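> Got a structure for you, written out below as structure tokens; questions coming shortly.
The values are calculated or read from the model by the stated rules, or taken from the named source; none is laboratory data. Just so we're clear, the structure is a prediction, and the values are computed from it rather than from any experiment. Counting neighbours? That spans all protein chains shown, and the Cβs are built from the backbone with ideal geometry, glycine included. Note: areas computed on protein heavy atoms with side chains; ligands, DNA, RNA excluded. Shrake-Rupley method; radii C 1.70, N 1.55, O 1.52, S 1.80 Å.
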Amino acid sequence: MYGFVRMSCLGLCVAVTFPVFAAKQIDVAKNSNNAEIQKIIDDASAGDVIVFAVGTYDVNLQLKSSLTLRGAEAARTILKGVKNGQPALLIDGVTNVTVLRLTVVNAETGVTVRGGSSDVKISNNIFQLNSGGTGVSIEDSADAMVRNNTFHGNGTGVSRTTGTSRIEYNIFSGNRRAITVTNADGINYNCFAGNTDNGEAGAHAVTSSMQPGYANSGAGDPELRDFHLAENSLCIDLAGAPATDAIDGSTLDAGAYGGLDADPLPYPVQNLKWDVTPNNGTYDISLNWSANNSYLVTRAKDPGNYLIYYNSDTSGAPYANTDKVAAPTTSFIVHGVTGEVAVPGDPVISGVLPASQELTVSWSEVPGASAYRLYYVAPNVTEESVVVDNGTSYTLKGLRNDVEYSLEVAALSAKYYYLTVVVEASPELLAGREVFHSDFAQEQKAMIGEKVEGARSAAVTGTPERLQPYPQLANEGCFIATAAFGYYDAREIKPLRQFRDQYLLPYAPGRSFVAWYYRQGPVAARWLHRNAEFKPAVRVLLAPLIAVAWCVVNWPLFSLCFLVGVAMVGARVLPWRRYVQGVAS
Amino acid sequence: MKRKILLTLLLLHAVFPCAAVAAQWSSELQYGRYYPELDQWRDYYGRDRAPYFGAAMAYRWFSFLELGVEAGRMHDRGRAILASNNTYAGSVELELYPVSAQLQVNARFAAGQWLVPYVAIGATQLYYRQIVVGQEKASGRVTGRLLRTGLAFNMNILDHRAAAYMRSGYGITHTFLQLERRQLTADTDTVALGGEVALMSLRFEF
């Protein structure tokens, strides 16, 4: 009886406490900021796995004990360090921490391990911090493990100042110095390729002065970095390595895509493009994309595949149609699609809001319409139109004030296909295992045939008009020039105004002239407004004045020299002409 | 007119020789609120006032009489209307720059007087600029007049050590905090651009 009670109590305790200590997965949402992620870490329980969604995160995070940080996809889960003297990830005085399948960029240090931290595993990550950065810095830890990472383009790949932490199965490429340590203990089976200085290479190293052969090292666009190994890479199947790969079950590969914790997903297709061509009453959609150069896909025997998914009229998964081409083919044609689409109904203009030189037109939505065409025309002006792809409202700008515009709207509809491509790893590599597919490529929207336009709405009129400010103040600008050129701020009038301010108003005679002009100018300006046909002639007459004013304002010294020169030449020429005329007579 | 003013000043100087002062120059930094005379201002600009900044300089013949100039700036942003349907639309900026010459009389009877009432009259040239987004600017000027009344608190009596430091370090003999109300009248043919200004200013006498 005593034993039964004792066991019952024990069972009850286990039942009560188990949920409290049960490890769980915590997802970090895309676009989370540093504070939000740090709070997730601080609130996590022992044994929790924190999984980052594919995306880029600006971080300076401090980890705590008994946690795993994991990226959803090594190549596309990017931790971007903020350069403030702190590492992207700080492991300080903690135990049992794993950092897995992440890409770390832009930090001064990717991961710092210090404070006697123990049981730390940094595995299957990519570090690309540029020439000033250090990928992993082990400052104080006896048993950290840096395994199956790719260090590319860093100042220092791994720095170990104390202890004998293990550094194994990594790829070091394009680093100024691969490994900086005080002794060679624990450094095994690393692949060194194209580093300025390998540092301490340790035992069983594979070395080369060439790059190791990546699918895409990101030289063209760092955002497209794909450190999967290409066929014939020197870092595939490290000779004698006492371990295997999760991906193909063969001898272990070095780098982020080798070992038992490797991310098995191929990198998604990039640069997916489309073209539509008519073909005997139907249409063909041609697709092409950049090749995935990972050996998972490009193996000569039994290569991987590209799966083509497409829908008509509906965006996103699930896709109704699927086709397949084997690598290395990177193109596909969807044959015989039709562009037939129903003629859309006619919309109704629901409002016209005038403003200065603008009209905002709103109309009713038409089912099935993919866009609208807004027509506008004014008396003595050719009709124009604009296609509105989004929404049922549009603001026409640059219109003439006080002119009545006639407005009509017609709905447009078209047939669209939505297409994407997925990479499927080689079935041979995956024999007996799960088939690995990449994420979808960026979906493409292909329009088939021409847009079909429905009937126009009933016409509605609108008149843009000048805004009336309060109070309504008179403008004392250059009256005649303003009247001739149409508005006060015309570029041509500015030199005259500057000349007035700089050379007339400071002096009494100039002020007298300006005062006289301000009395007479409005009269002339009103006459010019009434007789608009003379405006071009006035503009021509003003042109030399404007040119002289511009020169005097902008090149005063040159203008002075020029005027003096003209005066001197005039002084010399005039007597000579008189003399010639005297002789002739 | 100039002769009359000159003769008046000479006469004052003869009658009040004791009122002549060593400190002859003064400057002011002004901040306040401009309450336009226009009755629909609030409808267009959202409130019945606009911020005003100014600076002034004056020369004193006597402790109670000085001649000065000042310039200020008022700026506000509001809306315009579409006349056809009387709706507000668009954006308008209005800037006013009053530049004034003025004669100020201070009720000052002793050097250490802590409260000095004053009144001033002056002539103003009010420059304006109005910007309607998408349309041409309107700018011009209008002549007006100015009436100022206020109280100046002598801050020297609050802290003699600071006052001594200001005198020895910067040559400032007196510092006043002024509270003032002024009436600015400046009318175009159709628009009264003036208004009342409630001001607080710091006045430094050299």
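> Considering segment B:170-181 alone, what residues qualify as being open to solvent by 10 Å² or more (accessible area, probe 1.4 Å) and at negative phi? Steps first, answer last, please.
Taking segment B:170-181 and keeping what is open to solvent by 10 Å² or more (accessible area, probe 1.4 Å), we get B:170-175, B:177, B:179-181.
Across segment B:170-181, the qualifying residues are B:TYR170, B:ILE172, B:THR173, B:HIS174, B:THR175, B:LEU177, B:LEU179, B:GLU180, B:ARG181.
> OK, next. Counting only residues that are within 17 Å of the chain's Cα centre (by Cα) and free of Cβ contacts under 8 Å to residues at least 60 places away in the same chain, which one in segment B:43-55 is nearest to the other protein chains (Cβ to nearest Cβ)? Reasoning before the result, please.
Taking segment B:43-55 first, the residues within 17 Å of the chain's Cα centre (by Cα) are B:49-55.
So of that shortlist, the ones also free of Cβ contacts under 8 Å to residues at least 60 places away in the same chain come out as B:49-51, B:53, B:55.
Working: B:ARG49: 15, B:ALA50: 13, B:PRO51: 18, B:PHE53: 21, B:ALA55: 22 Å.
Among those residues, the one meeting the criterion is B:ALA50.
> Among the residues of segment B:147-206 satisfying the criterion of being small (Gly, Ala, Ser), within 14 Å of chain A (Cβ to nearest Cβ) and in a strand (DSSP E or B), which is nearest to the chain's Cα centre (by Cα)? Walk me through how you get there before you give the answer.
Applying the first criterion (small (Gly, Ala, Ser)) to segment B:147-206 yields B:150, B:152, B:162-164, B:168-169, B:171, B:186, B:192, B:194-195, B:198, B:201.
Within this subset, residues satisfying the condition of being within 14 Å of chain A (Cβ to nearest Cβ) are B:186, B:192, B:194-195.
With in a strand (DSSP E or B) added as a condition, the list becomes B:186, B:192, B:195.
Details: B:ALA186: 14, B:ALA192: 18, B:GLY195: 12 Å.
Per the stated criteria, the residue is B:GLY195.
> To continue, here is another question. So which of A:SER426, A:SER413 ends up being open to solvent by less than 40 Å² (accessible area, probe 1.4 Å), outside any strand (DSSP E or B), in contact with a Lys or Arg (Cβ under 9 Å, 6 or more places away or on another chain) and touching a residue at least 40 places away in the same chain (Cβ under 8 Å)? So that I can check it myself, show each step before the final result.
Numbers: A:SER413 fails: outside any strand (DSSP E or B).
Of A:SER426, A:SER413, the one residue that is open to solvent by less than 40 Å² (accessible area, probe 1.4 Å), outside any strand (DSSP E or B), in contact with a Lys or Arg (Cβ under 9 Å, 6 or more places away or on another chain) and touching a residue at least 40 places away in the same chain (Cβ under 8 Å) is A:SER426.
> Follow-up. Would you point out the residue of segment A:136-153, among those that are part of a strand (DSSP E or B) and touching a residue at least 40 places away in the same chain (Cβ under 8 Å), that is farthest from A:ILE187 (Cα to Cα)?
Step one: list which residues in segment A:136-153 are part of a strand (DSSP E or B), which gives A:136-138, A:145-147, A:150-152.
Next, only the ones that are touching a residue at least 40 places away in the same chain (Cβ under 8 Å) stay: A:137, A:147, A:150, A:152.
Values: A:SER137: 15, A:ARG147: 10, A:THR150: 15, A:HIS152: 18 Å.
My answer is A:HIS152.
> Applying the selection to segment B:73-84, what residues are surrounded by 16 or more Cβ atoms within 10 Å (Cβ to Cβ) and either at pLDDT below 85 or within 13 Å of another protein chain (Cβ to nearest Cβ) (or both)?
Across segment B:73-84, the qualifying residues are B:ASP76, B:GLY78, B:ARG79, B:ALA80, B:ILE81, B:LEU82.
> Just one of (1) assigned to a strand (DSSP E or B); (2) open to solvent by 40 Å² or more (accessible area, probe 1.4 Å) trips up B:GLU70, so point out which.
It is condition (2) that B:GLU70 fails.
> When segment A:452-468 is examined, which residues are found to be under 40 Å from the mean Cα position of the chain (by Cα), assigned to a strand (DSSP E or B) and either surrounded by fewer than 18 Cβ atoms within 10 Å (Cβ to Cβ) or more than 9 Å from chain B (Cβ to nearest Cβ) (or both)?
Those that are under 40 Å from the mean Cα position of the chain (by Cα), assigned to a strand (DSSP E or B) and either surrounded by fewer than 18 Cβ atoms within 10 Å (Cβ to Cβ) or more than 9 Å from chain B (Cβ to nearest Cβ) (or both): A:VAL452, A:GLU453, A:GLY454, A:ALA455, A:ARG456, A:GLY462.
> Please work out which residue is surrounded by the fewest Cβ atoms within 10 Å (Cβ to Cβ), limiting yourself to segment B:123-139 and to residues that are assigned to a strand (DSSP E or B) and in contact (Cβ under 8 Å) with a residue 40 or more places away in the chain. Full working, then the answer.
Residues of segment B:123-139 that are assigned to a strand (DSSP E or B), as a first pass: B:123-132, B:138-139.
Of the ones still in play, those that are also in contact (Cβ under 8 Å) with a residue 40 or more places away in the chain are B:124, B:126, B:128, B:132.
Numbers: B:THR124: 22, B:LEU126: 24, B:TYR128: 23, B:VAL132: 19.
If we take residues in segment B:123-139 being assigned to a strand (DSSP E or B) and in contact (Cβ under 8 Å) with a residue 40 or more places away in the chain, then B:VAL132 is surrounded by the fewest Cβ atoms within 10 Å (Cβ to Cβ).
> Identify all residues within segment A:366-384 that are modelled with pLDDT of 95 or more, within 33 Å of the chain's Cα centre (by Cα) and open to solvent by 30 Å² or more (accessible area, probe 1.4 Å); write none if there are none.
Residue satisfying the conditions is A:ARG373 alone.
> Looking at (1) under 30 Å from A:ASP501 (Cα atoms); (2) without any contact (Cβ under 8 Å) to a residue 40 or more places away in the chain; (3) within 14 Å of chain A (Cβ to nearest Cβ), which is the one condition that is false for B:THR87?
All conditions pass for B:THR87, except number (1).
> Also, I was wondering about something else. Give the residue that is farthest from the chain's Cα centre (by Cα), with candidates limited to residues of segment B:23-42 that are more than 30 Å from B:TYR88 (Cα to Cα) and open to solvent by 20 Å² or more (accessible area, probe 1.4 Å).
Step one: of segment B:23-42, the residues more than 30 Å from B:TYR88 (Cα to Cα) are B:23-31.
Next cut, open to solvent by 20 Å² or more (accessible area, probe 1.4 Å) only: B:24-25, B:27, B:29, B:31.
Numbers: B:GLN24: 19, B:TRP25: 17, B:SER27: 12, B:LEU29: 9, B:TYR31: 9 Å.
Residue satisfying both the conditions and the ranking: B:GLN24.
> Residue pairs, Cβ under 6 Å, 6 or more apart or interchain, first in segment A:356-376 and in contact (Cβ under 8 Å) with a residue 12 or more places away in the chain and in a strand (DSSP E or B), second surrounded by fewer than 17 Cβ atoms within 10 Å (Cβ to Cβ) and of a type in the set (Ser, Thr, Tyr). List them.
From segment A:356-376, the pairs are A:GLU358/A:THR395; A:THR360/A:THR395; A:SER362/A:SER350; A:SER362/A:SER393; A:TRP363/A:SER350; A:ARG373/A:SER385; A:TYR375/A:SER385.
> Could you pull out the residue among B:TYR31, B:TYR52 that is under 22 Å from B:THR188 (Cα atoms) and at pLDDT 85 or above?
None of the other options fit; the residue is B:TYR52.
> For B:ALA111, work out the one condition from (1) more than 23 Å from the chain's Cα centre (by Cα); (2) within 14 Å of another protein chain (Cβ to nearest Cβ) it doesn't fulfil.
(2)
> Tell me which residues, restricted to segment A:327-350, are under 13 Å from A:LEU307 (Cα atoms) and open to solvent by 20 Å² or more (accessible area, probe 1.4 Å).
Residues of segment A:327-350 under 13 Å from A:LEU307 (Cα atoms): A:327-334.
Of everything in segment A:327-350, those that are under 13 Å from A:LEU307 (Cα atoms) and open to solvent by 20 Å² or more (accessible area, probe 1.4 Å) turn out to be A:PRO328, A:THR329, A:THR330, A:SER331, A:PHE332, A:ILE333.
> Within segment A:175-194, track down each residue that is under 34 Å from the mean Cα position of the chain (by Cα) and open to solvent by 30 Å² or more (accessible area, probe 1.4 Å).
A:ARG176, A:ARG177
> Restricting to segment A:385-406, and then to whatever is over 31 Å from the mean Cα position of the chain (by Cα), touching a residue at least 40 places away in the same chain (Cβ under 8 Å) and in a strand (DSSP E or B), can you tell me which residue is farthest from the other protein chains (Cβ to nearest Cβ)?
So the residue we want is A:SER406.
> Quick check: is even one residue across segment A:212-228 more than 21 Å from A:VAL105 (Cα to Cα) and either touching a Gly at 6+ places or on another chain (Cβ under 8 Å) or open to solvent by 40 Å² or more (accessible area, probe 1.4 Å) (or both)?
No, segment A:212-228 has no match at all.
> Residue pairs, Cβ under 8 Å, 6 or more apart or interchain, first in segment A:253-280 and open to solvent by 10 Å² or more (accessible area, probe 1.4 Å), second of a type in the set (Val, Ile, Thr) and in a loop (DSSP other than H, G, I, E, B). List them.
Close Cβ pairs satisfying both conditions: A:TYR257/A:ILE247; A:PRO264/A:ILE247.
> Okay, next question. Using the structure shown, decide if A:GLY316 is assigned to a loop (DSSP other than H, G, I, E, B) and in contact (Cβ under 8 Å) with a residue 12 or more places away in the chain.
Yes, satisfied.
To keep it simple, each residue is scored yes or no on (1) in the same structural domain as A:GLY157 (by TED's automatic domain parsing); (2) open to solvent by less than 50 Å² (accessible area, probe 1.4 Å); (3) at pLDDT 95 or above; (4) over 22 Å from A:GLY155 (Cα atoms).
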| residue | (1), (2), (3), (4) |
| --- | --- |
| A:ILE50 | yes, yes, yes, yes |
| A:ASN60 | yes, yes, no, no |
| A:LYS64 | yes, no, no, yes |
| A:LEU69 | yes, yes, yes, yes |
| A:ALA75 | yes, yes, no, no |
| A:VAL82 | yes, no, no, no |
| A:LEU89 | yes, yes, yes, no |
| A:VAL99 | yes, yes, yes, no |
| A:THR103 | yes, yes, yes, no |
